[in-house]
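J.: This is the structure, below, for whatever I ask next.
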Amino acid sequence: MNFKRLLSKFLFWRVKHLSTKNFVIILGGLTGLLGGVAAVILKSTVHSIQAFFDGLNIPILFVFLPAVGILITAILAKDLLKEQLGHGITTILYVIEKKSSRLSQKKMFSRLLTSGMTVGFGGSVGLEATIVVTGSAIGSNIGQLMHMNYKQRTLLIGCGAAAAISGIFNSPVAGLIFSIEVILTDVTVAIFIPLLIAAVLGALVSMLLLGDDVLFSFDLKDPFLAGDFPYFILLGAICGLVSVYFTRNALRAEDLIQKIKSVYLRAILGGLALGLLIYFFNPIYGEGYEAIKVILQGKADRLFHNSYFFEWDSPWLLVIFAFLILLLKPFATGFTIGAGGNGGVFAPSMFMGALAGFLFAQTGNLILDGEPLSVSNFTLVGMCGVMSGVLHAPLTAIFLIAEITSGYTLFLPLMLVSAIAYSSSSYFEKYSFYTSKLIKSGDLIPFDRDKQLLSLMQINRLIEKDLLTIEPDKKLSDLVALVKKSHRNIFPVVTEENELKGIITLDDIREIMFDPDSQNNVIVSTLMHKPPAIIKADDKMQQVMISFEKTGAWNLPVTDENGYVGIVSKSRIFNAYRTLLKRQKKGIELT
């Protein structure tokens, strides 16, 4: 018995014996388990590769390793996987918005391969986005296999994302909130349960397979002092500005390196540029978590490790060195992604935040008299602030740091700094790193259900091509003959070369259409009029609706590079909109 027959029997049994609500909860748990396994596999693989190269103890090797890793990634993506990488979370948001939450099967493993090569060889990006894409792809494909609808597939994508973050940090609450804040647009109690189960199972898998070998954790040693609140307020504003600096310059560096057309040349040059940055500033290598650990442990002088150009000499030199790393990290991340590497900005944003918090506390302690500021506390809170500003996910940032520190001692400053950083960052950058490009291109509509539904509609599916056309040099009698055949009252005037010249409606000819003299003497070109607007076949639905609103028309012609295509009517758009709305409402119900 083949697989399809077994699957059909199972689905038939499921419909009879298991409610959709409970079935989705089970699928969410399965997605959580597999997402947790994927997190463990990638985390272990990458750290093994890095440990191997570290064991060779050849510092000059790190100049060339990123180029090798990015080149391998580019070859895998272009020649083997035939997939365009880009930003992982952005890809998920695009698929939810434009592809009905259908992620390809390849994404269940392709990002693991490519990100493993990129980050394992020193690419200055993080693994989190890769795990999120992998977990989301697992959820999407389980949903497709089990014939789930759009809303349920989207929920399973969210389950995969929650399990991914939960598994990689052993932080189930942060994983749950990340999925809600970044991936899903609306959450009800009914869909909250599968997300919760997926996040818990993702963390459990990681704990069972890795034990205490988590990405990093830290036990707070310094108490929180209420008197530090003014400093935390200032840190929040600084973190917001650092977030804007990172977002803009990472994207700028990415666009700059992508001007090189050759995929392989771009990978080599971008990798070498990154290698040179690492050679001078070793903490830029990889995700950056090792640098965060040494700062939190009070051993910031180890940032100079493997550096031939800087040695520990004075506290101010350490401040200058850390500040230079802060300035260069966005370019390292942009070069990595733009050159063809695969990874995300989750870890780089935490790295930037750690440096911002460290620099704030270290500089303050060098300048100010009195009670010294806690370097570890400010480093952790700075991580929260920049993550909140870059990802536009303040709750994720708060609970992730709280879970990493195994307590809520810093909860008040985390809330304060996260809120200030998010607000100040949003003032300059309205949208997050993940969504800015999609929103600018019109592929993602934030916080507007009408526009979101319109974005799901494609103009080429709404074009009516059954209208009878007539050439401009024909007589009225020829047009009357078409009127007898047609069930429509619109007649596009189109040349032999398929060029649209105008439109004729029944109202234009009603008074003369039965006059014999007019039928024999009046030429069609004298009767036609220009349409109030012309729709392009590749226009987005928002543009189409603006054209209808401006003109007040009920029907508008559509053209492409080859000329006339058909007519699109407002009534057909409304019917399609109502159908989508019914499907969306039906999909929300899981029972």
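J.: So the check is Cβ under 8 Å with 6+ separation or different chains; which pairs have a first residue in region 540-555 that's farther than 13 Å from I459 by Cβ and a second one that's aliphatic (A, V, I, L, M) and not in a helix (DSSP H, G or I)?
T.: Close Cβ pairs (under 8 Å, with a partner that is aliphatic (A, V, I, L, M) and not in a helix (DSSP H, G or I)) amount to K550/A533; T551/A533; A553/A533; N555/I490; N555/I567; N555/V568.
J.: Which numbered condition trips up S262, out of (1) under 24 Å from the mean Cα position of the chain (by Cα); (2) farther than 26 Å from I320 by Cβ?
T.: Going through the list (1) under 24 Å from the mean Cα position of the chain (by Cα); (2) farther than 26 Å from I320 by Cβ, S262 breaks only (1).
J.: Yes or no: G227 at pLDDT below 90, out of contact with any helix residue (DSSP H, G or I) (no Cβ under 8 Å at 6 or more places or on another chain) and part of a helix (DSSP H, G or I)?
T.: So G227 fits the description; yes.
J.: Being in contact with a strand residue (DSSP E or B) (Cβ under 6 Å, 6 or more places away or on another chain) and not in a loop (DSSP other than H, G, I, E, B) narrows it down to one residue among A174, A129; which is it?
T.: Being in contact with a strand residue (DSSP E or B) (Cβ under 6 Å, 6 or more places away or on another chain) and not in a loop (DSSP other than H, G, I, E, B) holds for just one of A174, A129, which is A129.
J.: Among the residues of region 392-425, what is the count of those that are modelled with pLDDT of 90 or more and either among the polar types (S, T, N, Q) or in the same structural domain as A203 (by TED's automatic domain parsing) (or both)?
T.: Total meeting the criteria: 4.
J.: Something else about it: Report the residue count in region 82-112 for those that are over 19 Å from the mean Cα position of the chain (by Cα) and modelled with pLDDT of 80 or more.
T.: Residues meeting the conditions: 0.
J.: Looking at (1) modelled with pLDDT of 85 or more; (2) crowded, with 18+ Cβ neighbours inside 10 Å, which one does V182 not meet, given that it meets all the others?
T.: Among (1) modelled with pLDDT of 85 or more; (2) crowded, with 18+ Cβ neighbours inside 10 Å, V182 violates only (1).
J.: Take the residues of region 132-151 that are crowded, with 24+ Cβ neighbours inside 10 Å and out of contact with any strand residue (DSSP E or B) (no Cβ under 9 Å at 6 or more places or on another chain): which is farthest from V182 (Cα to Cα)?
T.: G143
J.: All but one of (1) at pLDDT 85 or above; (2) out of contact with any helix residue (DSSP H, G or I) (no Cβ under 8 Å at 6 or more places or on another chain) hold for G275; state the number of the condition that does not hold.
T.: (2)
J.: Of the residues I278, I257, I238, which single one is under 22 Å from the mean Cα position of the chain (by Cα) and not polar (S, T, N, Q)?
T.: When all the criteria are applied, what remains is I257.
J.: Report yes if some residue within region 25-48 is modelled with pLDDT of 85 or more, over 27 Å from the mean Cα position of the chain (by Cα) and either surrounded by 14 or more Cβ atoms within 10 Å (Cβ to Cβ) or not basic (K, R) (or both); otherwise report no.
T.: Within region 25-48 (the criterion being modelled with pLDDT of 85 or more, over 27 Å from the mean Cα position of the chain (by Cα) and either surrounded by 14 or more Cβ atoms within 10 Å (Cβ to Cβ) or not basic (K, R) (or both)), the answer is yes, since at least one residue qualifies.
J.: Quick test of your reading of the structure: E83 fulfils all but one of (1) under 22 Å from L251 (Cβ atoms); (2) exposed (fewer than 15 other Cβ atoms within 10 Å of the Cβ). Name the failing condition by number.
T.: The one condition E83 does not meet is (2).
J.: Right, something else. Out of curiosity, is A163 among the aliphatic types (A, V, I, L, M) and modelled with pLDDT under 85?
T.: Taking the combined requirement at face value, the residue does not satisfy it.
J.: Starting from region 1-12, take each residue that is surrounded by fewer than 10 Cβ atoms within 10 Å (Cβ to Cβ) and list its partners that are charged (D, E, K, R) and modelled with pLDDT under 80, counting only C-beta distances under 7 angstrom and pairs at least six apart or across chains.
T.: none
J.: Now for a separate question. Mind checking which residues of region 445-477 are at pLDDT below 85 and part of a helix (DSSP H, G or I)?
T.: R449, D450, K451, Q452, L453, L454, S455, L456, I459, N460, R461, L476
J.: Among the residues in region 101-109, are any in contact with a helix residue (DSSP H, G or I) (Cβ under 9 Å, 6 or more places away or on another chain), within 13 Å of N342 (Cα to Cα) and assigned to a helix (DSSP H, G or I)?
T.: yes
J.: Let me ask something else. Which of the residues spanning region 256-275 are of a type outside the set (K, R) and more than 15 Å from F121 (Cβ to Cβ)?
T.: Scanning region 256-275 gives L256, I257, Q258, I260, S262, V263, Y264, L265, L269.
J.: Please verify whether region 64-73 includes one or more residues that are aliphatic (A, V, I, L, M) and surrounded by fewer than 16 Cβ atoms within 10 Å (Cβ to Cβ).
T.: No.
J.: Just give me the residues in region 405-416 being in contact with a helix residue (DSSP H, G or I) (Cβ under 7 Å, 6 or more places away or on another chain) and either assigned to a loop (DSSP other than H, G, I, E, B) or under 17 Å from A162 (Cβ atoms) (or both), in sequence order.
T.: Hits for region 405-416 are T405, Y408, L410.
J.: Quick one: A481 ticks every box in (1) under 47 Å from the mean Cα position of the chain (by Cα); (2) outside any loop (DSSP other than H, G, I, E, B) bar one, so which box is it?
T.: Failing condition for A481: (1).
J.: Still on this structure: So, in region 503-523, exactly how many residues are in contact with a helix residue (DSSP H, G or I) (Cβ under 6 Å, 6 or more places away or on another chain) and touching a residue at least 40 places away in the same chain (Cβ under 8 Å)?
T.: Adding up the residues that qualify gives 3.
J.: If you scan region 245-272, which residues turn out to be part of a helix (DSSP H, G or I) and among the hydrophobic types (A, V, I, L, M, F, W, C)?
T.: F246, A250, L251, A253, L256, I257, V263, L265, A267, I268, L269, L272
J.: I would also like to ask the following. State yes or no: is I60 in contact (Cβ under 8 Å) with a residue 24 or more places away in the chain and touching a Gly at 6+ places or on another chain (Cβ under 7 Å)?
T.: When the stated conditions are applied, I60 does not pass them.
The values are calculated or read from the model by the stated rules, or taken from the named source; none is laboratory data. Keep in mind that this is a model prediction, so the values were computed, not measured. Every residue, glycine among them, receives a Cβ derived from its backbone with ideal geometry; neighbour counts consider all protein chains shown.
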